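Chemist: This is the structure I have questions about; it appears just below.
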Amino acid sequence: MTRARVLLLTAALGPLDYRVPYGSEAPLGSVVVVPLGPRRMGGVVWEDASFGAPEPVGDNRLRNLFEVVPVPPVPAPLRKLVEWTSDYYLAPPGSVLRMVLPGAAFADARRPIVEYRATGELPARMTPQRTVALEKIGTRQGLVRELAALAEVSEAVIRGLVKAGALEAVAVSADQPYPEPDPGFAPPDLSDEQTAAAGQLRDAVAAAKFETLLLDGVTGSGKTEVYMEAIAAAIDAGKQSLVLLPEIALTEPMLTRFAARFGCEPVAWHSGLRSTERRRAWHSIAAGEAKIVVGARSALFLPYAKLGVIVVDEAHEMSFKQEDGVHYHARDVAVMRGHFEGLPVILASATPALESLAMVEAGRYRHIVLPARFGGATLPDLAAIDMRQDPPDRGRWLAPPLVDALADRLHKGEQSLLFLNRRGFAPLTLCRTCGHRIQCPNCTAWMVEHRLVHRLACHHCGHVMPPPRLCPECEDEDSLVACGPGVERVADEVSSRFPEARVAIVTSDTLWSPAKAAEFVDNVEGGLVDIIIGTQLVTKGYHFPNLTLVGVVDADLGLDGGDLRASERTFQQIAQVAGRAGRGVKPGEVLIQTRVPEAPVMAALVANDRDGFYSAEAAARKFAGAPPYGRFAALVISSEDIEVARGQAQRLGAKAPVADGLAVYGPAPAPLAMLRGRHRFRLLLHAPRSFDLQGTIRDWVNSVEWSSKARLAIDIDPYSFV
Ligand SMILES: [Zn+2]
Ligand SMILES: [Zn+2]
């Protein structure tokens, strides 16, 4: 009889043993479907020795596995990565495995799927709901469920539209091969520096050995063209390439750039895909056919059959850190995948993370520097506007020098960008009469006014409400006022100052799909926009040659939070957004509004002294024992019942580990004391680099009783401290 140990796709259980039915084979890595109680569950045949031994089950009590799914087995290096990720981030292995095997893995790629699209005919009976639904669907196509979500109506409404002839069925095949990218399609015209850098990357791909390469080049130096040569080398070698991007909104313009270089679009992987697209992409990746995959961090765990290189673009971006479920950092896990698979990992950035620079210094990463902008473009001039000396008019947010600079660009027909990392109209609504502030009922957070859609919204849980007419506290009429600016409010000011200017607001509210992002790019490139007003979404990736002015509306905003990376993040964000200016022949100018121009980070930005900033920041971190020179871990205990959360946190706190060099802070209410209706208490651990944090936490957490109503989230190497 053959036994197979199976790691299941569930967080709740470790591996379980099953019987392989006579006549079947289920070697290591096989994707299988097994019975679990009354249910069917997916899993992977795993090494016996991993994750400790499950309870021994006699041969006679073993259940048969149902089926070996006809997809390639999960390769050994990827199984190792799952184990490492689970071990390092203290996450259930089944949760990590879920990222390798999403639902798409179990769907038969050969079976056609029925999607629906508009026929252009209107149903005989139109309702307002049907009108809106058809408008929102437009020319898009999808499953009934997807169209319902898109149109924000019930599935019954969509089915009604099908019956009425307004939508028609289309059979979509999910196993169509993707076009093959051609490395010789449009080789770029590289500068000498780019050619040298590209040569190093090509050699690293050809060597097919693990190495981490930090491709470090100022904004506009043409890093993308350079790492595309590594991808060309991988295609030449018959291998796949994975490019990780921090933002889904960036995907569409990126796909276009790849198409221009390789003659066809790469395969995209992100949460916005339709389920047919996911199914097709997953199977093609697992078969080794998808040659170039561009995706969000979740693309990192897919089972590439023949991976040759991983590129992490904008590698300093903190959004590579996942903040729920498995709290992993995609940049760090990418390096581990390179290690297990024996392949080069390229981290590309204009403002590398301090962690990456420390690895260069330690001799662990190879440093490849592109010192100049491509095509002779110069770096923009940066200057600070001291808001204490040059304040904006009352109730306004733009200081006179910035207003003058905007007027000048409008006059010359050049484009400007105003950067403010705050969505909506105003971050706070306050009652003038009684001082009441409107707060989210589910979170310790203010409701943010979004005037364009006439709503107050919580950015943490998504709760929305219409702006109240009366103060909810004192019931005074018309006493509520907006406090502080968001991008919509800055846009209002721009429109009232320059009524003729064509303005585009760029936030996750306006650029919520790759198609919207593509439309925005077209409009700016086509000269249909004079002034862009945006959040961090506009700080990276975009290349607009006619954009010559960048205004940073509130440079101090990121410093307020005060977490250990506040200065670094501020430096990176402003350097990135500054890098949008003057990328063509016309030089760029950057004006930074700040109340603390003397702060080291502002001084370094204005002096264009990157090295000075990094060495001062590194020294400060070293002194504080902060990452990368020390380590943190956060434990957040939450419950809908505040007493349960508090009690659980105290029980844990009472057994806090004591060890040389280890400091345990808390338990204390987390800065976000309530989130999505759950009360949160936090414990923070700080230790030297060499300390075994994971082992300590594992023993500690197992040493206390856990209430079934309390939940624990463990965050190793946290980036968020709320
Ligand atoms: Zn009031
Ligand atoms: Zn909320």
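The values are calculated or read from the model by the stated rules, or taken from the named source; none is laboratory data. The model shown is predicted, which means the values in this text are computed figures rather than measured ones. Cβ sites come from the backbone with ideal geometry, for glycine too, and all protein chains shown count toward neighbours. Heads up: the accessible areas ignore ligands, DNA and RNA and are worked out on the full protein's heavy atoms, side chains in. Shrake-Rupley method; radii C 1.70, N 1.55, O 1.52, S 1.80 Å.
Chemist: Please state which one of 679, 686 is part of a strand (DSSP E or B), farther than 27 Å from residue 569 by Cα and more than 16 Å from ligand 1 (Cβ to nearest atom).
Modeler: Just one listed residue meets the conditions, 679.
Chemist: Looking at (1) out of contact with any helix residue (DSSP H, G or I) (no Cβ under 8 Å at 6 or more places or on another chain); (2) assigned by the TED database to the domain that holds residue 222; (3) assigned to a loop (DSSP other than H, G, I, E, B), can you tell me which one residue 315 breaks?
Modeler: (1)
Chemist: Out of the range 418-441, which residues are away from ligand 1 (no atom under 13 Å from the Cβ), open to solvent by less than 50 Å² (accessible area, probe 1.4 Å) and not in a strand (DSSP E or B)?
Modeler: Across the range 418-441, the qualifying residues are 420, 424, 425, 427, 440.
Chemist: From the residues in the range 1-30 that are small (Gly, Ala, Ser) and within 31 Å of the chain's Cα centre (by Cα), which one is most open to solvent (accessible area, probe 1.4 Å)? Reasoning before the result, please.
Modeler: Within the range 1-30, the first condition is being small (Gly, Ala, Ser), and the residues that meet it are 4, 11-12, 14, 23-24, 26, 29-30.
Checking which are within 31 Å of the chain's Cα centre (by Cα) leaves us with 11-12, 14, 29-30.
Numbers: 11: 59, 12: 88, 14: 36, 29: 0, 30: 7 Å².
Top of the filtered list is 12.
Chemist: Are any of the residues in the range 382-394 under 24 Å from residue 502 (Cβ atoms) and either surrounded by fewer than 22 Cβ atoms within 10 Å (Cβ to Cβ) or touching an Asp or Glu at 6+ places or on another chain (Cβ under 6 Å) (or both)?
Modeler: Keep residues of the range 382-394 that are under 24 Å from residue 502 (Cβ atoms), which gives 392-393.
In the following step, the residues that additionally are either surrounded by fewer than 22 Cβ atoms within 10 Å (Cβ to Cβ) or touching an Asp or Glu at 6+ places or on another chain (Cβ under 6 Å) (or both) were identified as 392-393.
Looking through the range 382-394, at least one residue is under 24 Å from residue 502 (Cβ atoms) and either surrounded by fewer than 22 Cβ atoms within 10 Å (Cβ to Cβ) or touching an Asp or Glu at 6+ places or on another chain (Cβ under 6 Å) (or both).
Chemist: While we're here: Would you point out the residue of the range 229-268, among those that are modelled with pLDDT of 95 or more and of a type in the set (Asp, Glu), that is farthest from the chain's Cα centre (by Cα)?
Modeler: If we take residues in the range 229-268 being modelled with pLDDT of 95 or more and of a type in the set (Asp, Glu), then 236 is farthest from the chain's Cα centre (by Cα).
Chemist: Counting just the residues of the range 554-570 that are among the aliphatic types (A, V, I, L, M) and surrounded by fewer than 24 Cβ atoms within 10 Å (Cβ to Cβ), which one comes out farthest from residue 626 (Cα to Cα)?
Modeler: My answer is 557.
Chemist: For the range 475-493, how many residues meet the condition of being outside any strand (DSSP E or B) and surrounded by 14 or more Cβ atoms within 10 Å (Cβ to Cβ)?
Modeler: 12
Chemist: Next question. For the range 583-660, which fully contained helices (runs of 4 or more DSSP H) count at least 1 residues that are open to solvent by less than 10 Å² (accessible area, probe 1.4 Å), farther than 22 Å from residue 360 by Cβ and in contact with a strand residue (DSSP E or B) (Cβ under 8 Å, 6 or more places away or on another chain)? First the steps, then the outcome.
Modeler: Values: elements: 600-606, 610-624, 642-654.
Correct list: 600-606, 642-654.
Chemist: I've got another one for you. Please pick out the residue among 689, 678 that is touching a residue at least 40 places away in the same chain (Cβ under 8 Å), exposed (fewer than 15 other Cβ atoms within 10 Å of the Cβ) and either within 16 Å of ligand 2 (Cβ to nearest atom) or within 22 Å of residue 627 (Cα to Cα) (or both).
Modeler: 689
Chemist: While we're here: How many residues does the range 31-70 contain that are farther than 18 Å from residue 94 by Cβ, without any contact (Cβ under 8 Å) to a residue 40 or more places away in the chain, open to solvent by less than 80 Å² (accessible area, probe 1.4 Å) and not small (Gly, Ala, Ser)?
Modeler: Looking only at that region, the number is 1.
Chemist: Does any residue in the range 456-474 that is within 16 Å of ligand 2 (Cβ to nearest atom) come within less than 6 Å, Cβ to Cβ, of a residue that is charged (D, E, K, R) six or more places away or on a different chain, and which pairs are these?
Modeler: 456/449; 461/676; 464/455
Chemist: Related question: I'd like the full set of residues that are more than 9 Å from ligand 2 (Cβ to nearest atom) and either open to solvent by less than 60 Å² (accessible area, probe 1.4 Å) or within 20 Å of residue 675 (Cα to Cα) (or both), limited to the range 442-454.
Modeler: 446, 448, 449, 450, listed by residue number.
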